[in-house]
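Just so it is clear, none of the values below were taken in a lab; they were calculated from the coordinates. Note that this is a predicted model, so its numbers are computed, not measured. Note that each Cβ is placed from the backbone with ideal geometry, even for glycine, and that neighbours are counted across all protein chains shown.
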Amino acid sequence: MSAPAPPDLRIITSRFDIEDGHTLAGYERTGGYAGLRRALEMAPADVHSEVRNASLLGRGGAGFPAGVKWGFCPPGVWPRYLVVNGDESEPGTYKDRLLMERDPHQLIEGCLIACYALGLSQCFLYVRGEMAHAQERLAAALNEAYEAGFAGRNVLGAPDFSVDITLHWGAGAYIVGEETALIESLEGNRGMPRLKPPYFPASIGLYGKPTIVNNVETLANLPWIVSNGGEAFAAMGADNSTGTRVFAVSGHVASPGVFEVPFGTTTFRDIIFDSRYAGGMRPGRTLKTFIPGGASAPWFFEEHLDLPLEKTTVDQAGSMLGSGAIVVMDDTTDVVKACHNVVRFFARESCGKCTPCREGTSWLEKILSRLLAGQGRPQDLDLLMDVCDNISPGINWPPRQTTICPLGPSAVSPIASALERFRGEFEAYLPATAVTVTGVAS
Amino acid sequence: MARLNANSLGVAQEIIARYPVPRSALIPLLHLAQEQDGYVTEDAMAHIAELVGVTPAEVMGTCSFYEMLKREPVGEYMVNICNGISCHLLGSSDLIHHAEATLGVRPGGTTDDGKITLEAVECIAACIEAPCLQVNYRYRNRVTADDFDQLVSELRGDTAKVAPHGQLARVRQHIGDDRRAGVSPPGGQGEPAWMARNPSDNGGSAS
């Protein structure tokens, strides 16, 4: 098994164990704001180059290279904005909240570096509404950063570099994590995703202007990258999955936890079973299935344990690393109930804009509910797959979609996974006397 | 129960001033109204509409989309039990059933004494601490039935030291006038000054 990242190789969780790591004093004492100072000695384009050389993949879920996304701003169109996606809500995901609570200055420094590199003239830091403690820590850190001259007018005394960071907070809606919905919400609207194209808000975003939307963890890596160079970052991890990544391992494991590991070289077996990480299953239990990357991801099984936590490998194996959430289920798990739990989530959180998602997710939830209530019909299992096929034609991976955003197809993942592997468990919920109903809409 | 009072209005104006387009302040202002009254009143929505220059219907449209914004009175304490997949695997359904039996309400309901509103909510990002809940958006981790009963007695006796419903962060962002860079409105702005820097010209006094 590969070794965990030694403490000095931890990039973004290095202050998690430091009592005052969230304060300006604690942050500066441990090397904070060195990356920003270094950036301001460079030309903005050179800072962008370092990030491109780092091959930093976005940490929000889609895994798109940040440096490439940054390059999509159309030349000559100003102003440009930075929107920080701190609306972490994907079930099982638990990393951005810790990064905001325990190391808020690192995120602020990352924001300032991004603004400097790309000419982004105002930053909006959108924090999930339910995260009161993170909002508090960020407000306190921003007040300190402004007071000390790191943020706001004339950053570090530079006469030509001024940027405001506006703390913003949501009010409870998973869909707002989708970047165009985030922008709608930030404009004061209902948080519904925008029609594509344009595919990237970098061309048309907040107030119709070029806007970079980056995840909290993505931005938190920037101070290290600028201080140590993009190549040093790219040297860590695997070829296409560089640096480190933070994974939350939860569910039926002995020691649930949040772990920063080299990206792309650690395997699922390592992170689930190694005593340095989640420490294996609960005593006497065996692995049944696990979700490798948040509720939207198709499920993995025993045979996937030796896959590395590497984007391309996991994509090709039919799932995704998504938001870094690994949810482990043991042999005591009722997969029909687990499947229903995840599907209910998507049904509840569908914004209602696209018919296949609005109708499809709620019908999937209703059918699973009646199955669990002992009122299933024999054709319900095929009906579930048929509804899935309507939401995501072909039920393939990566999913095709009939909707504006991926929320609808995400509800297909748990059903396709569980029904294929554990069909017998679904059938066991069918009442013994079930009568096949024909000729009526189900 | 009403429009924003003088104190809230001062905070509201400071919030609005941080955005290039006033409407962007809508959600923070709705939270502010909820902090003042415990929920978002119609009068507050009308007042917010005036402040950001939209109609009350538009404010209602935004407000009604988001789960945290309550347009009817709720209990002093929102007890939100997480029912996400990780908590589900570790017994959240049992905890919710226990809460229903203890409080005598279903999720969404408020106890007769007006103290507690129970909700079963989607993942609140404390998955390694399952099963978890939030009281007025402050975490309680690895909650057992006994922990829950203890919590309820603390809430009923007002000894839980939890901020009132509506108040989120106890620290507000404040930007001093001398430190403010200024909002960046979407119209009529050129390339920011620092973009003219090149490697041989450091431009600023940073280092």
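Structural remarks
- Number of residues in region A:100-151 that are under 18 Å from B:His174 (Cα atoms) and assigned to a strand (DSSP E or B) equals 6.
Here's the yes/no breakdown for (1) more than 12 Å from the chain's Cα centre (by Cα); (2) assigned to a loop (DSSP other than H, G, I, E, B); (3) charged (D, E, K, R):
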{"site": "A:Lys288", "(1), (2), (3)": "yes, no, yes"}
{"site": "A:Gly293", "(1), (2), (3)": "no, yes, no"}
{"site": "A:Ser296", "(1), (2), (3)": "no, yes, no"}
{"site": "A:Glu303", "(1), (2), (3)": "yes, no, yes"}
{"site": "A:Asp306", "(1), (2), (3)": "yes, yes, yes"}
{"site": "A:Asp315", "(1), (2), (3)": "yes, no, yes"}
{"site": "A:Gly318", "(1), (2), (3)": "yes, yes, no"}
{"site": "A:Leu321", "(1), (2), (3)": "no, yes, no"}
{"site": "A:Val328", "(1), (2), (3)": "yes, no, no"}
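- Pick from region B:124-173, criterion away from every other protein chain (no Cβ under 12 Å), touching a helix residue (DSSP H, G or I) at 6+ places or on another chain (Cβ under 7 Å) and in contact (Cβ under 8 Å) with a residue 12 or more places away in the chain, ranking: surrounded by the most Cβ atoms within 10 Å (Cβ to Cβ): B:Val143
- Subset of region A:186-208 (residues that are buried (at least 22 other Cβ atoms within 10 Å of the Cβ), touching a residue at least 60 places away in the same chain (Cβ under 8 Å) and within 7 Å of chain B (Cβ to nearest Cβ)): A:Leu186, A:Gly191
- Residues being more than 14 Å from every other protein chain (Cβ to nearest Cβ) and either over 23 Å from A:Asp46 (Cα atoms) or not aromatic (Phe, Trp, Tyr) (or both) - total across region A:224-250: 18
- Scan region A:157-184 for residues that are facing chain B (nearest Cβ under 7 Å), touching a residue at least 24 places away in the same chain (Cβ under 8 Å) and of a type in the set (Ser, Thr, Tyr) and the total you get is 2.
- Region A:92-125 - residue that is hydrophobic (A, V, I, L, M, F, W, C) and closer than 16 Å to A:Arg245 by Cα and, of those, surrounded by the fewest Cβ atoms within 10 Å (Cβ to Cβ): A:Leu98
So that you can scan it fast, the table gives a plain yes or no per residue for (1) in a loop (DSSP other than H, G, I, E, B); (2) surrounded by fewer than 16 Cβ atoms within 10 Å (Cβ to Cβ); (3) more than 12 Å from chain B (Cβ to nearest Cβ):
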{"site": "A:Ile11", "(1), (2), (3)": "yes, no, yes"}
{"site": "A:Ser14", "(1), (2), (3)": "yes, no, yes"}
{"site": "A:Glu50", "(1), (2), (3)": "no, no, yes"}
{"site": "A:Gly61", "(1), (2), (3)": "yes, no, yes"}
{"site": "A:Glu90", "(1), (2), (3)": "yes, no, no"}
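- Listing of helices (runs of 4 or more DSSP H) fully contained in region A:343-442 that carry 2 or more residues being of a type in the set (Asp, Glu): A:355-372, A:380-391, A:423-427
- Restricting the first member to region A:293-319 and to residues that are within 18 Å of A:Asp270 (Cα to Cα), and the second to residues that are part of a helix (DSSP H, G or I) and among the small types (Gly, Ala, Ser), the beta-carbon pairs closer than 6 Å and six or more apart or on different chains are A:Trp299/A:Ser417.
- Test: residue in region A:75-83 that is assigned to a helix (DSSP H, G or I) and hydrophobic (A, V, I, L, M, F, W, C): no
- Residue ID - surrounded by the most Cβ atoms within 10 Å (Cβ to Cβ), chosen from residues in region A:63-88 that are touching an Asp or Glu at 6+ places or on another chain (Cβ under 7 Å) and within 22 Å of A:Ile11 (Cα to Cα): A:Glu88
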